[in-house]
Every structure is written in structure tokens, then in C-alpha cells.
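Okay, so here's the structure we're looking at.
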Amino acid sequence: MSPTALSVPELVDEIAEQMESNECQILCLVAKRFVVPSQRRIFRTILLPNDRACERLYSLLSGSRHIAEYARHLTIDLASVKNSEAIVVLDMLRGLKHFILTPTFPDHLSWSTMKIPIRSAISRVIQLSGIRELHLCSIEGFPSALLRYSVHQVRHLVIYGQLTLDNTDQMSWMKPEPLTDVGPLQRLEIGDPTRDSLPIYNFLRRADVRPAIMNVASIRLMVDLRAWDLLGDAQLFRNLTQLWLTWIFLGRHRDWVTLHPLDLPSLPSLRKFYLAVITDLWEDALVLMGESITLAEQTPALEELGLVLEPSLTTSERSGPFPFFGDSSYAEKLPTLRRIKCHMTGDESSNAMLDEFTEQMRTRFPAPFADGILTCGILVTSL
């Protein structure tokens with residue numbers, strides 16, 4: 001590489017961007033002009049799994065404060081970070097965009113038992129004006145006032161695990177929520193249905209929260225009765241364009257088979273619909289797949305349909321054919337459809353069922369359109 005090429009800042013930045021973080025540590029030694037681009041790449045994403053990591057980062061930033069400006073993504077494990085002195089490093093990271101707050105699974109902790117300096121530092125990060133994505137997990141008694149503030153500020157909110165809310169702590173020292181008719185929140189993800197999700201769903205339907213989520217365009221949910229009740233609020237999600245649902249029919253979740261995609265309210269703006277089915281009964285999977293295709297037929301603007309099957313059963317227990325296919329051409333019923341994705345988790349023994357599904361779909365779209373619209377395959381892990 002010539003010296004002239006290295007003098008172009010954009011090219012130097014691009015080289016650093018294409019390299020892994022550990023490679024950038026070596027790149028710093030190549031030439032002085034690579035130091036800043038490499039530091040920007042290395043410190044863009046920061047993981048703080050324990051007190052030692054916090055202490056090392058604090059020591060580093062104390063001597064090179066400019067590095068803190070490069071941090072955009074932060075993940076912190078509150079189950080392992082307990083030193084209230086080390087946590088002050090968070091106040092140096094003022095340019096964060098993404099904040100993932102989680103204890104190590106399966107542990108969870110109580111917000112009230114955390115040291116006050118740690119709670120305060122976490123709260124200040126969440127209230128940074130630049131935060132656009134927030135992940136919360138397995139925290140007991142998380143302040144509802146702080147979550148309400150986040151709903152009014154972030155664009156992507158993920159709530160999973162056992163997150164319960166404390167409605168008594170109003171946190172009067174907090175910044176006021178932005179006074180807007182419609183909040184900036186665009187993407188909402190909620191799970192896990194094995195936990196008690198009632199507090200979260202009640203929170204989302206509160207009068208002081210509803211306006212902040214009425215512009216949500218993308219939702220990903222693990223289906224349970226509470227999630228289904230939330231989706232039934234047609235006015236709340238009238239602008240929804242993308243919907244991902246995961247159905248689990250195993251053990252105590254068997255009763256959820258009474259919930260059907262066709263019971264969803266009309267979603268006239270929906271562009272993408274994805275359904276993942278985890279079940280030990282092939283019949284359940286067939287019912288949900290059939291209803292999803294029918295739902296697609298009733299959604300005038302749908303452009304993308306995805307079906308993911310994760311059967312907890314052997315291939316010999318699966319029986320075809322797929323009964324939900326009619327005789328009519330899907331090209332007529334789904335004029336806006338541009339992509340269909342169908343995947344099954346498992347091994348190559350699933351190919352026979354997948355081949356049959358693919359063939360059934362191809363017969364309902366005119367060639368060569370079918371060759372471009374279908375994406376099918378075997379997944380070795382679940383989505």
C-alpha cells in the first residue's frame with residue numbers, strides 16, 4: 001500500500017472498519033495514522049462483565065479521555081458488577097447509542113438491593129439523550145418511571161426475562177419525558193412467556209405510555225395470553241408494518257393453541273409477517289402455518305411472509321401433505337408479495353417435508369416468479 005493511499009482519511013477509516021477488534025490492536029502498531037481509526041473500532045463496543053473490567057476501563061479512560069468519545073454500544077452484567085467505585089466509569093461514556101443491561105442468566109437481582117451509586121449511574125446512562133436502543137432483563141422492581149422515560153426516548157426497546165416494575169419510586173430527579181404527541185419508539189421486543197409478563201403489558205397500556213408507542217412499526221413477541229391481549233388493541237398498533245410472533249406449544253403452554261393468527265385485528269399497514277412455531281405436535285404446526293397464509297391473503301400490503309418450524313419431534317412423526325394449500329394461484333391472492341421464507345430446524349432428515357412445502361408453493365406462483373420469491377432451507381439452530 002502506497003504512502004499516498006494511506007494519507008486518505010476515508011481509506012484509513014475503511015481499513016480499520018473491516019478488521020476485527022483484536023486485529024486493530026495490531027494495526028495500531030503499523031503506523032501512527034492508524035491509531036485513532038483503530039481505537040474508534042476497538043472501543044465502539046464495550047462489554048463490562050465484572051468489576052475488574054470496569055476498573056481496567058476506568059484506568060484506561062482516566063489517562064486517555066478521548067477514547068470515551070468512541071463508545072457507542074455498552075453491555076453491563078449487573079449480577080457481577082458490584083463495586084460502586086468502579087461503576088463511575090459509566091459517567092465517562094456520554095456518546096452511547098445502545099445500552100444492554102442484564103444479569104448473567106439465570107441470575108436476576110433486585111433493583112432495591114443494588115448500591116445507590118450503581119443505581120444512579122445506570123439511571124444516568126439510560127437518560128442520555130443519545131440512547132436509541134435499550135435492553136432490559138431479569139431485574140426485580142425496576143422503576144416504572146425510568147422505563148416510562150425510556151419508552152418516550154429510545155427507538156428500539158427490548159424487554160425479556162423476569163423484569164418486574166416498581167410503581168412507587170417516582171424518581172422526581174429524573175428529566176421530564178419529551179412532550180410529543182407520538183414517541184420515537186419504532187421497534188418493540190417482549191419475551192419470555194415462561195415468566196409473568198402481566199406487569200409489562202399492563203404498563204404498555206397505561207394512559208401515560210400509550211402515546212409513546214402508537215408509532216411502533218415493528219414488534220417481536222413470544223405469544224402468551226397477555227401478548228395476545230395487547231395485540232388485540234387495534235388502535236395501539238395501527239401503524240404496524242412488521243410483526244414477528246413465536247408460538248410455543250409444549251407442556252403447560254399447550255392451552256395457547258386456542259390463540260390463532262386469524263383472530264388478530266386488521267393490520268392494513270403490515271408489510272412483513274414472520275411466524276416461528278415450537279411444538280411437539282405436527283398438527284399444531286400445520287394449523288398455524290395454514291392460518292398464517294390465510295392471514296397473508298387478507299393483508300393487502302403484505303410483501304414478505306416467513307415461516308420457521310422448530311418441531312420437537314422426529315421426521316417419522318410428521319405427516320403430510322400440507323392441508324392448507326388451496327387450488328388457486330397465490331399470485332392473484334397476494335399481489336404485493338415479494339418474498340416467502342420457510343425454514344425448519346433440524347438436520348437433513350427434514351428435507352423431505354421442506355421439499356414438499358417448496359413444491360406446493362411453487363405450483364401456486366407462475367414461473368419464473370417462484371424462483372425469485374421462495375427461500376427455503378434447514379436450520380441447525382432456532383431463530
| task | Filter segment 221-244 down to the residues that are part of a loop (DSSP other than H, G, I, E, B) and in contact with a strand residue (DSSP E or B) (Cβ under 9 Å, 6 or more places away or on another chain), then identify the one that is modelled with the lowest pLDDT. | result | ASP224
| note | Across (1) in contact with a strand residue (DSSP E or B) (Cβ under 8 Å, 6 or more places away or on another chain); (2) more than 19 Å from VAL308 (Cα to Cα); (3) of a type in the set (A, V, I, L, M, F, W, C), LEU295 clears everything bar (2)
| task | Out of ASP224, ASP229, ASP280, ASP208, report the one residue that is surrounded by fewer than 15 Cβ atoms within 10 Å (Cβ to Cβ), under 21 Å from the mean Cα position of the chain (by Cα) and touching a residue at least 24 places away in the same chain (Cβ under 8 Å). | result | ASP229
| task | Out of SER269, SER218, report the one residue that is modelled with pLDDT of 85 or more, surrounded by fewer than 20 Cβ atoms within 10 Å (Cβ to Cβ) and more than 18 Å from the chain's Cα centre (by Cα). | result | SER269
| task | Hey, can you tell me all the residues within segment 265-305 that are in a loop (DSSP other than H, G, I, E, B) and either in contact with a helix residue (DSSP H, G or I) (Cβ under 6 Å, 6 or more places away or on another chain) or outside the structural domain of THR246 (by TED's automatic domain parsing) (or both)? | result | LEU302
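The values are calculated or read from the model by the stated rules, or taken from the named source; none is laboratory data. Given the structure is predicted, the values throughout are model-derived calculations rather than measurements. Counting neighbours? That spans all protein chains shown, and the Cβs are built from the backbone with ideal geometry, glycine included.
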